[in-house]
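One structure below.
Since every read-out is calculated from the coordinates, none of them should be taken as a lab result. These numbers come from a predicted model, not from an experiment. Here the Cβ is made from the backbone with ideal geometry for all residues, glycine too, and neighbour counts use every protein chain on show.
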Amino acid sequence: MSRTRLPLAVAVALLAAPALSACGSPAAADAKEVTVYSADGLKGENGDGWYDKVFADFTKRTGIKVKYVEGGSGEVVQRAVREKSNPQADVLVTLPPFIQEADAKGLLQKYEPEGSTAVSGAGKAPDGTWTSVVDNYFGFVYDKKELKTAPKTWDDLLDPAYRNKLQYSTPGVAGDGTAVLIQTMHDLGGKDQALAYLKRLQANNVGPSASTGKLAPKVDKGELLVANGDVQMNYAQSKTMPNLGIWFPAGKDGKPSSFALPYAAGLVTKAPHGANGRKLLDFMLSQRAQTEVSSIGGGFSAREDVKATDANAVALGKLMDGVRLFEPDWYDVDKNLTSYVEDWKSATGS
């Protein structure tokens, strides 16, 4: 499955007419529709993604049509911020720390979907404003055709052989790009060490990218040797991109690590179709939908009581074997994200 982020201004309607009127006001509150603003990664370019299946099943069961607007993790939050006085979205799905940012800005109202009791404490907001619907992990991809083995450490990426053959998405705009900052801070011993490293890495970096999803196809084609990504997205892409390999950089101790980057969903404050939004959140966390997270979406169920045994689940388990997981302080990251991104821009000249 290949997934490419659509321009934020483009709303992809699934079995539906436009959700917004010409003047930009929300449709009637009793309309049989629901609008989702989401970070890229769960919708298939060819209609074969987890969203495609879940939304189609939801419409078939309830008669409620799903309107879908896709963008980078930070982009969808910023759009919701601009529309705060006149909300157009009902459900917001994005990655940390942007889901925490959305919560802090008052964009989300409290709603704990059916099934959320089976989600771990780290996978949902303490105040009940958001819940993970798909678990995921930070990682990198490499071109298996051009490289005999994957790089092993962050220092490996400083090799001149990667000049203009390496790219990572933009911190502060893309969730996976922000994850690069978080991972290097963890692996290299702090912010200053991470920024010093990323300054050196800039000699090899192609340049900014608002979309992480667009980088994997470049790796598969040999335009890039290495790019950042996440396990769910890249594993799904590898089904149609045979040269794509997933790897995790090792820190100073020589051991690879990663952290969870869940797709977290919340009900938008003053959502124009709030009742429909609640129904969709319930449906996404249902046992049926969650058992399809791995088999269709190539991801990890957010529910601890769903033990997937399909081929994808087995392969994903092997992929994560030996990778140590740590848990960032997401509220601290959210609090300091603006300064982190500004420091990154200064260090890299971006």
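Summary table
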{"read-out": "From phi via Karplus (6.51, -1.76, 1.60), per-residue ³J(HN,Hα) for the range 55-71 in Hz, x at Gly/Pro", "value": "5, 5, 5, 4, 5, 4, 7, 10, x, 8, 8, 9, 9, 10, 10, 10, x"}
{"read-out": "Simple label model, 7 Å out from Cα along Cβ direction - Leu325 to Asp305, nm", "value": "1.9 nm"}
{"read-out": "Ranked packing of 139-145, 281-287, most packed first, by mean Cβ within 10 Å", "value": "139-145, 281-287"}
{"read-out": "Estimated vicinal HN-Hα couplings, Hz - the range 179-187 in sequence order (Karplus 6.51, -1.76, 1.60; Gly, Pro = x)", "value": "5, 4, 4, 5, 5, 5, 4, 5, 6"}
{"read-out": "Helical mean residue ellipticity (222 nm; -39500 (n - 2.57) per DSSP H run of 4+; nearest 500) of the chain", "value": "-10000 deg cm²/dmol"}
{"read-out": "Cβ charges +1 (Lys, Arg) and -1 (Asp, Glu), total dipole of the chain, debye", "value": "600 debye"}
{"read-out": "Net length gained if the chain between Ala161 and Asp282 were fully extended (0.36 nm per residue, minus Cα distance)", "value": "38.7 nm"}
{"read-out": "Sequence-separation-based contact order of the chain, relative, with Cα cut under 8 Å and 6+ spacing, percent", "value": "25 percent"}
{"read-out": "About the Cα centre, charge dipole magnitude for the range 116-192 (Lys/Arg +1, Asp/Glu -1 at Cβ), debye", "value": "240 debye"}
{"read-out": "For the range 221-293: relative contact order, % (alpha-carbon pairs under 8 angstrom, 6 or more apart)", "value": "14 percent"}
{"read-out": "Cα gyration tensor category, rounded, prolate or oblate, for the range 41-94 with a/c compared to 1.5", "value": "oblate"}
{"read-out": "Efficiency of FRET between Gln202 and Ser339 - r from beta-carbon atoms, R0 22 angstrom, step 0.05", "value": "0.70"}
{"read-out": "Amide H contacts of Tyr68 (H built 1.01 Å from N, under 5 Å, at least 5 apart or other chain)", "value": "Val12, Ala13, Leu14, Val36"}
{"read-out": "Restraint check, Lys191/Lys218; Lys145/Lys239; Lys124/Lys345; Lys145/Lys318, Cα-Cα greater than 26 Å", "value": "Lys191/Lys218; Lys124/Lys345"}
{"read-out": "About the Cα centre, charge dipole magnitude for the range 296-344 (Lys/Arg +1, Asp/Glu -1 at Cβ), debye", "value": "340 debye"}
{"read-out": "Residue-by-residue Karplus 3J(HN,Hα) for the range 133-143, coefficients 6.51, -1.76, 1.60, Hz, glycine and proline x", "value": "10, 9, 7, 7, 9, 5, x, 10, 10, 9, 8"}
{"read-out": "DSSP bridge pairs, the chain: antiparallel proportion in percent, nearest 5", "value": "65 percent"}
{"read-out": "DSSP-defined antiparallel bridges as percent of all bridges, the range 18-159, nearest 5", "value": "10 percent"}
{"read-out": "Percentage relative contact order, the range 257-350, counting C-alpha pairs under 8 Å, at least six apart", "value": "29 percent"}
{"read-out": "Relative packing of peptides 115-128, 38-51 - highest average C-beta neighbours within 10 Å first", "value": "38-51, 115-128"}
